[in-house]
Amino acid sequence: MNYLCQMQQAQDDLQTRWWNLEASLVERFGKKPDMETILFLIGVQEFGDIRKKFSKEQKQDLMHIAVCSLFRQSGYYELEAVDEDGWPHFRQLKALPEMDLREQENFMKDHILLYFEQAGGV
């Protein structure tokens, strides 16, 4: 029973921290972002080139950069190189753990929260 209580507390803490992040993003950008938008923002931050327009393919690449950057924090990826156009390329170091959909979402949220905590907030 104690283990289940601890898991629920960790889940509640993650959700509370996530809501606080969402509130900060709403305050900064004027609307609540979905997960793809948050990944896009992280990708732009990591890429370092803030343009007015990105192509659909570039937006997908930016979200990929975000995912690799997030999971780099836990040793799943490393930055391999930056190409002549400034786009980072990553190498996967180890497989991501097997998870169901809810666990994947929480894993991603936890890494996003860690990213913003290390960056000093939104």
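The values are calculated or read from the model by the stated rules, or taken from the named source; none is laboratory data. Everything numeric in this text was worked out from a predicted model, so none of it was measured. Glycine also receives a Cβ, built like all others from the backbone with ideal geometry; neighbour counts cover every protein chain displayed.
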Requested in this report: Select from the range 23-33 the residues that are of a type outside the set (A, V, I, L, M) and either surrounded by 15 or more Cβ atoms within 10 Å (Cβ to Cβ) or in contact with a helix residue (DSSP H, G or I) (Cβ under 7 Å, 6 or more places away or on another chain) (or both) and write down the one among them that is farthest from residue 112 (Cα to Cα).
Outcome: 32
Report summary line: By residue number, the members of the range 66-93 that are among the charged types (D, E, K, R) and touching a strand residue (DSSP E or B) at 6+ places or on another chain (Cβ under 8 Å) are 72, 78, 80, 83, 91
Query raised in the report: Considering the range 111-122 alone, what residues qualify as being closer than 19 Å to residue 65 by Cβ and surrounded by 10 or more Cβ atoms within 10 Å (Cβ to Cβ)?
Result: 111, 112, 113, 114, 115, 116, 119, 122
Requested in this report: Taking residue 116 as the residue in question, decide whether it is over 17 Å from residue 17 (Cβ atoms) and either modelled with pLDDT under 95 or not polar (S, T, N, Q) (or both).
Outcome: no
Query raised in the report: Picking from 96, 62, which residue would you name as being in a helix (DSSP H, G or I) and not acidic (Asp, Glu)?
Result: 62
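Yes/no matrix, rows are residues, columns are (1) farther than 22 Å from residue 84 by Cβ; (2) outside any loop (DSSP other than H, G, I, E, B):
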| residue | (1), (2) |
| --- | --- |
| 21 | yes, yes |
| 28 | yes, yes |
| 31 | yes, no |
| 41 | yes, yes |
| 44 | no, yes |
Query raised in the report: Just checking, which of 85, 49 is assigned to a loop (DSSP other than H, G, I, E, B) and touching a residue at least 24 places away in the same chain (Cβ under 8 Å)?
Result: 49
Query raised in the report: Tell me, which residue of the range 86-110 that is among the acidic types (Asp, Glu) and surrounded by 13 or more Cβ atoms within 10 Å (Cβ to Cβ) is farthest from residue 70 (Cα to Cα)?
Result: 105
